[in-house]
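Asker: Starting off with a structure, shown below.
The values are calculated or read from the model by the stated rules, or taken from the named source; none is laboratory data. All values reported here derive from a predicted model rather than from experimental measurement. Here Cβ is always computed from backbone atoms with ideal geometry, including for glycine, and neighbour counts include all displayed protein chains.
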């Protein structure tokens, strides 16, 4: 089967859906002739021109507001934020309008708005370009929050995002954009709220989010040679969150670790831990543990940047500690 | 990561100290709060505790005991299971720690509590800590967990401890991690080994010894191997307990049972026209032994801790052989029952034992037991006391013999003779009273009217 990068797979999903549905258009800084800062729209401008690949000035709140209005009228805007950190300038529109409009209109208005952007700590991007913020969005009712971790999932989840009627926050980790995976030629969709079991195992469950999935899988390869069998779950979407799959795994293993690059307080690990404790208490053989990035603005210095993200050594130690509980 | 154990600063002005004694030794499992070693400083002896859990590792070339060393001298490590202590990195007993400590690694935010966890057993309700899962599994498997030793980091009982207890094998905690690794390398079943050495901690040496020994001989083609059935296990345990704890003495005597044979013959003849069960020899013996015990209560007794409990009531156990093994149903208050009542009751009990419907109460509480091997043409034997009872009467076959009735007149006769074998616990009763008891039984068998009129 052919292999595509994460970026190419997501771009293919966008191209397929734009060809199928003329109401889809893309808005953002550099998405036109330039093809997007992360090549998210490369080649599409030639096909669909400036009406459907609209470059904007640096006014996030302004173009989000316009796209919100456009979505209310029945079109399907895709807003490309380049770095999702920039979405913060539009939080008033997002939380008060985008997330609430279907509720406020008793469902008469739809909000088929896809908001995409790169996330995560990678390549000395410094603190204004390294955020992930997904716990904030998960906290707001109304948003779908998608964090794909490979090219296959990126395409299937992006297609689902472009077909739905709810606002979707589609978050692409910078460290994963060039990673290749097998992507079939045939059309496919991945539903929201369905976690992937990235690796089957029996002795402990590790839920890994975003770029941590790859690191955890590497750690588990090392542990497998010692006969330590770990199950790894990639939630793929954080809202909705597939708690049943995690519970099923914990029922099998009795132990749970959540590895997440983002900050621990009120994070996705806290949410998973609370739900598993509430619903799977009798399955727990040890306290649920979390391994998170350091609670600090991301440093620019490459050695310091590396120091704030959980590395394979720390993941291995966290798993060993969990097994020793 | 290995935790370095150094000579601590035990007072503001302390610069050096003497390690007096290792309390924990190389390879020991340690928990926070365990005393690792003692230190003498400023003429005071101090105990040094572990702050971390893991395996205590002392460098093999350590010669620090008894020496005065500077504060901060690296003495030992606490490592995690499977982790090698960094002995090879040049850390020796006389190097100060500062020269060996690696630059601090960046530590991610792990939201586990970092304070020392409460050790097991500190709980307000006095019960050990147990994980919710272990508690659920204990419920499912019917394991009584309150006495288990937990192998979790804080001594918490975890699932593996409950499963180990359910399988009647000692908890994994008793096997040192080093031993477990050695067992893996040497192909030794470490859990089976632990089961063979109850109460012992399994060390690497034990694993190596086991590896050097040949495994138990496999069964040959003409042998079969089967697990011990539950009833056999119970019988085995009780017989062994009796044999190990009592001081058994067996007295035998030959009895002229001719009159008893006549009694039984008449009852049998009368029984032809009677629906009630005909009293058997066992029923007659149960009644006459119960009468005898009334006069010799020291044989109707049991040892209970520091005291001897003597029973006025005679609860007579009758040993019954079945397809499944030996059962001893009990006839309550045999001394107060008529022979007819005993006969009816014993017939019912034996039927219940044979068809498996007998209740546990009917099998317990006996104060004396009769076992009869007469039907198998056995004369005399040495029964084993049915604990906690004091004595058991073995009954032999009744056989017609020529006996001397009057030596002076040189008169002989053919009589029905029978051997009795009384085993009694010499801890409870001496030989003479036991002999008098057996002699009384002999009288009653030879002259049944003596007790039949009672």
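Asker: Using the structure shown, decide if residue A:255 is surrounded by 20 or more Cβ atoms within 10 Å (Cβ to Cβ), within 12 Å of chain B (Cβ to nearest Cβ) and either within 17 Å of the chain's Cα centre (by Cα) or at pLDDT 95 or above (or both). Step through it out loud before you land on a result.
Answerer: On the way: surrounded by 20 or more Cβ atoms within 10 Å (Cβ to Cβ): yes; within 12 Å of chain B (Cβ to nearest Cβ): yes; either within 17 Å of the chain's Cα centre (by Cα) or at pLDDT 95 or above (or both): yes.
Yes; evaluated as a whole, the condition is true for this residue.
Asker: For the stretch A:118-128, name all the residues that are within 15 Å of residue A:177 (Cα to Cα) and surrounded by fewer than 24 Cβ atoms within 10 Å (Cβ to Cβ).
Answerer: Passing the criteria: A:122, A:123, A:125.
Asker: Here's another thing I want to ask about it. Considering only residues of the stretch A:265-279 that are in contact with a strand residue (DSSP E or B) (Cβ under 9 Å, 6 or more places away or on another chain) and under 20 Å from residue B:134 (Cα atoms), which is farthest from the other protein chains (Cβ to nearest Cβ)?
Answerer: Checked the stretch A:265-279; the qualifying residue farthest from the other protein chains (Cβ to nearest Cβ) is A:276.
Asker: Now a separate question. Given the condition crowded, with 21+ Cβ neighbours inside 10 Å, touching a helix residue (DSSP H, G or I) at 6+ places or on another chain (Cβ under 6 Å), in the same structural domain as residue B:371 (by TED's automatic domain parsing) and under 22 Å from residue B:263 (Cβ atoms), answer yes or no: does some residue in the stretch B:396-415 qualify? Talk me through it step by step, then tell me what you get.
Answerer: Residues of the stretch B:396-415 that are crowded, with 21+ Cβ neighbours inside 10 Å, as a first pass: B:396.
If we keep only those that are touching a helix residue (DSSP H, G or I) at 6+ places or on another chain (Cβ under 6 Å) too, we end up with B:396.
If we keep only those that are in the same structural domain as residue B:371 (by TED's automatic domain parsing) too, we end up with B:396.
Pick out the ones that are also under 22 Å from residue B:263 (Cβ atoms) and you get B:396.
Checked against the condition, which is being crowded, with 21+ Cβ neighbours inside 10 Å, touching a helix residue (DSSP H, G or I) at 6+ places or on another chain (Cβ under 6 Å), in the same structural domain as residue B:371 (by TED's automatic domain parsing) and under 22 Å from residue B:263 (Cβ atoms), the stretch B:396-415 yields at least one hit.
Asker: Take the residues in the stretch A:301-316 that are in contact with a helix residue (DSSP H, G or I) (Cβ under 6 Å, 6 or more places away or on another chain) and under 20 Å from residue B:54 (Cβ atoms); name whichever of them is nearest to the other protein chains (Cβ to nearest Cβ). Even if it seems obvious, please write down each step before you answer.
Answerer: Let us first name the residues in the stretch A:301-316 that are in contact with a helix residue (DSSP H, G or I) (Cβ under 6 Å, 6 or more places away or on another chain), namely A:312, A:315-316.
Filter once more, keeping what is under 20 Å from residue B:54 (Cβ atoms): A:315-316.
Values: A:315: 9, A:316: 11 Å.
Applying the filter and picking the extreme gives A:315.
Asker: Determine whether residue A:58 is within 25 Å of residue A:176 (Cβ to Cβ) and either assigned by TED's automatic domain parsing to the domain that holds residue A:135 or part of a helix (DSSP H, G or I) (or both). Break it down stepwise before answering.
Answerer: Values: within 25 Å of residue A:176 (Cβ to Cβ): no; either assigned by TED's automatic domain parsing to the domain that holds residue A:135 or part of a helix (DSSP H, G or I) (or both): yes.
No: the conditions fail for residue A:58.
Asker: Provide a single number: the residues in the stretch B:247-278 that are assigned to a loop (DSSP other than H, G, I, E, B) and farther than 23 Å from residue B:350 by Cβ.
Answerer: Of all residues in the stretch B:247-278, those assigned to a loop (DSSP other than H, G, I, E, B) come to B:247, B:257, B:272-278.
Now restrict to residues that are farther than 23 Å from residue B:350 by Cβ: B:247, B:273.
The number of residues fulfilling the criteria is 2.
Asker: Anything in the stretch B:279-318 that is within 13 Å of residue B:331 (Cα to Cα), touching a strand residue (DSSP E or B) at 6+ places or on another chain (Cβ under 8 Å) and outside any helix (DSSP H, G or I)? List them, or say none.
Answerer: Correct list: B:314, B:315, B:316, B:317, B:318.
Asker: Right, next: Of the residues B:146, B:154, which single one is at the interface with chain A (Cβ under 10 Å from one of its Cβ atoms) and either under 24 Å from the mean Cα position of the chain (by Cα) or on the phi < 0 side of the Ramachandran plot (or both)?
Answerer: On the way: B:146 fails: at the interface with chain A (Cβ under 10 Å from one of its Cβ atoms).
From the options B:146, B:154, the qualifying one is B:154.
Asker: Kindly establish whether residue B:391 is within 47 Å of the chain's Cα centre (by Cα), touching a residue at least 12 places away in the same chain (Cβ under 8 Å), assigned by TED's automatic domain parsing to the domain that holds residue B:307 and farther than 27 Å from residue B:244 by Cα.
Answerer: Numbers: within 47 Å of the chain's Cα centre (by Cα): yes; touching a residue at least 12 places away in the same chain (Cβ under 8 Å): yes; assigned by TED's automatic domain parsing to the domain that holds residue B:307: yes; farther than 27 Å from residue B:244 by Cα: no.
Answer is no for this residue.
Asker: Looking at residue A:77 and the list (1) in contact (Cβ under 8 Å) with a residue 24 or more places away in the chain; (2) in contact with a helix residue (DSSP H, G or I) (Cβ under 7 Å, 6 or more places away or on another chain); (3) more than 19 Å from residue A:172 (Cβ to Cβ), which single condition is not satisfied?
Answerer: So the condition that residue A:77 fails would be (3).
Asker: If you don't mind, there's one more thing I want to ask. Just the residues that are touching a residue at least 12 places away in the same chain (Cβ under 8 Å) and either under 18 Å from residue B:287 (Cα atoms) or surrounded by 21 or more Cβ atoms within 10 Å (Cβ to Cβ) (or both), please, taken from the stretch B:339-361.
Answerer: Initially, the stretch B:339-361 is screened for residues touching a residue at least 12 places away in the same chain (Cβ under 8 Å), giving B:339-340, B:342-347, B:349-350, B:352-354, B:356, B:358.
Hits for the stretch B:339-361 are B:339, B:340, B:342, B:343, B:344, B:345, B:346, B:347, B:349, B:350, B:353.
Residue-wise test of (1) modelled with pLDDT under 95; (2) outside any strand (DSSP E or B); (3) under 15 Å from residue A:195 (Cα atoms); (4) facing chain B (nearest Cβ under 9 Å).
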{"site": "A:226", "(1), (2), (3), (4)": "yes, yes, no, yes"}
{"site": "A:231", "(1), (2), (3), (4)": "no, no, yes, no"}
{"site": "A:262", "(1), (2), (3), (4)": "no, yes, no, no"}
{"site": "A:281", "(1), (2), (3), (4)": "yes, yes, no, yes"}
{"site": "A:291", "(1), (2), (3), (4)": "no, no, no, yes"}
{"site": "A:294", "(1), (2), (3), (4)": "no, yes, no, yes"}
{"site": "A:299", "(1), (2), (3), (4)": "no, yes, no, no"}
{"site": "A:318", "(1), (2), (3), (4)": "no, yes, no, yes"}
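Asker: Something else now. Listed residues B:134, B:173, B:164, B:138; which is at pLDDT 90 or above and within 14 Å of chain A (Cβ to nearest Cβ)? Let's see the steps before the verdict.
Answerer: On the way: B:173 fails: at pLDDT 90 or above; B:164 fails: at pLDDT 90 or above; B:138 fails: at pLDDT 90 or above.
Sole residue among the options that is at pLDDT 90 or above and within 14 Å of chain A (Cβ to nearest Cβ): B:134.
Asker: Further question: Against the conditions (1) in contact with a strand residue (DSSP E or B) (Cβ under 6 Å, 6 or more places away or on another chain); (2) closer than 12 Å to residue A:171 by Cα, where does residue A:113 fall short? Just the number, please.
Answerer: Only one criterion is unmet by residue A:113, namely (2).
Asker: Same structure, new question: Do we have residue B:387 as modelled with pLDDT under 90 and within 23 Å of residue B:435 (Cβ to Cβ) here?
Answerer: Details: modelled with pLDDT under 90: yes; within 23 Å of residue B:435 (Cβ to Cβ): yes.
So residue B:387 passes the test.
Asker: Suppose we filter the stretch B:21-64 for residues that are surrounded by 14 or more Cβ atoms within 10 Å (Cβ to Cβ), touching a helix residue (DSSP H, G or I) at 6+ places or on another chain (Cβ under 9 Å) and in a loop (DSSP other than H, G, I, E, B); how many remain?
Answerer: The total comes to 3.
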